[in-house]
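The values are calculated or read from the model by the stated rules, or taken from the named source; none is laboratory data. The shown structure was predicted, so the numbers you read here are calculated from the model rather than taken from an experiment. FYI the Cβ positions are ideal-geometry reconstructions off the backbone, even for glycines, and counts take in every protein chain you see. With ligands, DNA and RNA removed, areas are computed over all heavy atoms of the protein, side chains included. Shrake-Rupley method; radii C 1.70, N 1.55, O 1.52, S 1.80 Å.
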Amino acid sequence: DGVQPVVTFDLLKSWASVALCCDIGVTSPQGCPWQTMVSALRRARDERLRDEAGLRAAGLAAPTAPSRAVPEGDREPSEQDLRRELVKAYVYQTGDQLKAIMQAKMEDPLSYFWFYHSLDSAYQHWAWYLYCLTFDAGDIERGACDPCVVNMPLDSVDLQVLSLAFDTQMTVSRLVEQPLCFTPSAGQDVALLPVERRPRQRAHVLCHKGLWAPLIGPPAPEYEPRPLLDAIVELGELPPGPLSVFDGKAALVRDYDRHKECYTVSIDQVCFSVERSQIIRVLFHERDPLADQAPPAPTCYWDTGRAPGPGDAPVLRGIPDGSIDFQILHEMVRREARLRLEATLKELAGRGDSVGSSFTSVAQAQASASAAAGAKRPKKGPLPVPRSLATPQHRYELEQRLKQRQQTQQPQKPQQFEPPPRDAVGAPAVSLHATAATKMNGVTVAAAAAAAAA
């Protein structure tokens, strides 16, 4: 995740698409926060106008207009509108208010000022920061602006300002973290506010390590994995009011309104509209292709040359191995198993002391026990020589033979021949140097020089 956060971000988008029953928008460039917020605000505006038109058609009173002014009337927001609202909100701040804003940005990991350690250094770059906010992300990406301009990210302070400026409740979903919620009422519970003070629209986005993506509505019926039309479904939690009595009930899906992006369901003789996120699951469908198919029998996939599909592996029968929760759990188990295998291999190789794992290996436990008992074990070196089982007499004979072999193998100094002196009679006298006594393999041999000079 630290090397390629795009992979984890794709897992987050896949999980959000399934859990929230909605499509994920695509931005250019990929993960751009500014294009993400523009798409999310446009989607929130379209939903609000659709709901207001439906209330007027039904003869019901529309919600009271908010007291907060909406920028540029009620037209579609653009990236320039977002940047203009931020610059207008920041440029007039001075004194303690400006210090509070910069301090909040320095404490936010999403902010550009996250890497600043003092207010003085942040204040020196504040004017340059506002200057960079005036350029579009597309112009910066193409290099069509000042070279010193940087594409600034969106942080929590920016989202709070935009929530107040566009009167929108913004929800930011993250991976393995609590979602962030920004409302114009600055942290107050929206459900406890009166109708005239509630935000008039809602926007939902995804964020992971600087990558952003908008949620742009439910998928069309033809893209559903199982058909919903003419199906009996289980309803979830419905909005508070008269329809709340149907929470968790089974209903028949009769129609789909593409303009309103909602399904028409009926319970007994009562027909009403529900959103796709309010349908939990399909209970029965007469023409459901998945219900007609028998569950595949457990087979061996080694000979087929293909991998089993999600939930089809014999050892994972009934386990949603295609979900993001299973993939994250599998990654955690794989890392723990790799650390343990590495520790075992290092222990077998005699390098158990250099294992940097989080758990105490068996080799380290044995080494600590030996140290406590007073036995000092060397880290490296030759193995100790095992004791000999020979008797003392046998060892003495072996040592004697070894000494005799070493003496035999040593090169002897060649002896020079000296002619013996002659006496008066003429008989050759035996020289003391001619007789040598040598000891070879424990046997004494007498050698006499028999050579006589003629």
Just a yes or no: is a residue in segment 238-253 at pLDDT below 90, open to solvent by 50 Å² or more (accessible area, probe 1.4 Å), closer than 18 Å to S17 by Cα and not in a helix (DSSP H, G or I)? no
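Can you confirm whether segment 90-104 contains a residue that is in a loop (DSSP other than H, G, I, E, B), open to solvent by less than 30 Å² (accessible area, probe 1.4 Å) and touching a residue at least 24 places away in the same chain (Cβ under 8 Å)? Full working, then the answer.
Here is the first cut: in segment 90-104, the ones in a loop (DSSP other than H, G, I, E, B) are 92-94.
Filter once more, keeping what is open to solvent by less than 30 Å² (accessible area, probe 1.4 Å): none.
The answer is no; no qualifying residue exists.
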Does W128 satisfy being modelled with pLDDT of 90 or more and open to solvent by 20 Å² or more (accessible area, probe 1.4 Å)? yes
Test: residue in segment 192-214 that is acidic (D, E) and touching a helix residue (DSSP H, G or I) at 6+ places or on another chain (Cβ under 8 Å): no
Taking segment 254-270 and keeping residues part of a strand (DSSP E or B) and within 40 Å of the chain's Cα centre (by Cα) leaves Y256, D257, C262, Y263
Tell me which residues, restricted to segment 73-89, are assigned to a loop (DSSP other than H, G, I, E, B) and exposed (fewer than 13 other Cβ atoms within 10 Å of the Cβ). G73, D74, R75, E76
Go through segment 160-188 and report how many residues are open to solvent by less than 60 Å² (accessible area, probe 1.4 Å), in a loop (DSSP other than H, G, I, E, B) and within 30 Å of D325 (Cα to Cα). 2
Do we have any residue at all in segment 184-191 that's among the hydrophobic types (A, V, I, L, M, F, W, C), modelled with pLDDT under 90 and at negative phi? yes
Taking segment 189-237 and keeping residues farther than 16 Å from V265 by Cβ, in a loop (DSSP other than H, G, I, E, B) and aliphatic (A, V, I, L, M) leaves L193, I216, A220
Matching residues in segment 131-159 (in a helix (DSSP H, G or I), open to solvent by 60 Å² or more (accessible area, probe 1.4 Å) and not charged (D, E, K, R)) number 1
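The rows are residues; the columns are (1) assigned to a loop (DSSP other than H, G, I, E, B); (2) open to solvent by 70 Å² or more (accessible area, probe 1.4 Å); (3) at pLDDT below 80.
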| residue | (1), (2), (3) |
| --- | --- |
| D303 | yes, yes, yes |
| A307 | yes, yes, yes |
| V315 | no, yes, yes |
| D325 | no, yes, yes |
| L329 | no, yes, no |
| V333 | no, yes, no |
| A337 | no, no, no |
| S357 | yes, no, yes |
Here is a check on your reading of the model: is L235 of a type outside the set (S, T, N, Q), under 19 Å from A40 (Cα atoms), modelled with pLDDT of 90 or more and out of contact with any Cys (no Cβ under 7 Å at 6 or more places or on another chain)? no
